[in-house]
Structures are given as structure tokens and as C-alpha cells.
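One structure below.
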């Protein structure tokens, strides 16, 4: 007679393994290679507007919306965007927690008592986990994912023009409204024209 509980545990293990692999490898590498929005890159007749945003916070959509409205209002501006990377320390914590999460889940599903290797007595909460494998594994998986997300998420939406910072959500606590960003761009472009006029004696 087939032991369906073992099959169930194996299926859960495979599913969680795939999710953990995606979290640890695919997502992190994918965020580092976020496609660049190419607006005006071929003409090189205007300034470059750069966005660095928190990909895991869902700010990719905001970046795309801003790119579209800026492209129509200022077609001469080049726009690039990418993920604002968390600190190396936070990234290390998130990755370490991911591996620890996987080790605990494997130990619970396959009945491995980690505390024998530590030379300590098995605590009651571990006995509960091994007695409720499905529930405990799912609980550990989602709780650890939430903690990992906390360390990976930066909440950033940083904007610079020609590598000069002009807006920081980390400092202001919010994303600029379109009129605010338009005013920043126009002020910067007028400043560039003024500097060029003083240096060359005529506007660009």
C-alpha cells in the first residue's frame, strides 16, 4: 500500500525547493539586470535622466509611467532605470536566511533532528513542527519570506539628471508628483543653458 503522506511531503518539498531557488538565485540576479528604457539614447542631444528604484516594492510600474510622460513632454531627454540595490549586509542576511529556511524545512519533512548535532535536547516547539509538518513548513516558508523581503526592500525611488541627484524618496519619504518632476527638469535645463551661455557667449 502506497504511503501517501510521504508522497505529499515530497511534493511539498519539491514545491518549496523551487520557490526557494527562485528567491535565492533567479530574483536577485534578475533585479541586477533590469532592462533599460531607451528614450532618446540614439540622439544624445539632451540630458540623461536616471531612475533607481526598489524593484521588490513594485516601483517598476511607477518608473515606466514616469518614463512615458517624460518622453512625450521632453523627447530630447534620455531615460534609464534600474534596481536600487540593498546594502551588502542586508543582502547577505536575506540570502543566509533563505538557506537556513531551506535547511529547516528539509529537516522537518525528513524527520532530521538538528538538535542532536548541537548536543542539546529537542525542544517542544520542534516536536510540534515534526508532528505538523505541512502546516509548520508553510508557516516557516512564508514568515521567512516576509523577513527576507524586509531586508531586500529598500523603498528607494531616486532620480538624478546627468548623475546629479535631484530627488530621493529615501530622504523625502515620497515619490515626486509629475509637476514637481517637470519643474526640476526645466530648472536643470535652464541652468545648463545659463552655464553654456556664460562659457561660450551664446546659447546651445
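Values quoted throughout were computed directly from the atomic coordinates according to the rules given, and no laboratory measurement underlies them. What you see is a predicted model; the values in this text were computed from it and never measured. All Cβ positions, glycine included, derive from the backbone under ideal geometry; neighbour counts span all protein chains shown.
Summarising the overall dimensions of region 86-132 from its C-alpha atoms, the Rg and Dmax are 13.4, 38 angstrom. Cα-based values for region 51-104, radius of gyration first and Dmax second, are 16.7, 54 Å.
Histogrammed with a bin width of 5 Å, the alpha carbon distances of region 65-204 distribute as 2, 8, 12, 13, 11, 9, 8, 7, 6, 6, 6, 5, 4, 2, 2, 1, 0 percent, first bin at zero. Compared with the direct C-alpha span, the chain from residue 106 to residue 142 gains 11.5 nm at full extension, assuming 0.36 nm per residue. Estimated at 0.36 nm per residue, the fully extended path between residue 163 and residue 190 surpasses their Cα-Cα distance by 8.0 nm. Once both labels are positioned 7 Å from their Cα atoms along Cα-to-Cβ, the gap between residue 132 and residue 62 label points is 3.8 nm. From the P(r) of region 114-194, can you give the percent of Cα pairs sitting at distances over 16 Å? Across region 114-194, Cα pairs with separations above 16 Å total 71 percent.
Extension gain, residue 88 to residue 124, is 9.4 nm, computed as 0.36 nm per intervening residue step minus the present C-alpha separation.
Ordered by the count of other Cβ atoms within 10 Å of each Cβ, fewest first, 64, 85 give 64, 85. By the beta-carbon count within 10 Å of each Cβ, the least crowded to most crowded order of 143, 166, fewest first, is 143, 166. Treating r as the C-beta distance of residue 170 and residue 69 and R0 as 25 Å, the FRET efficiency rounds to 0.65.
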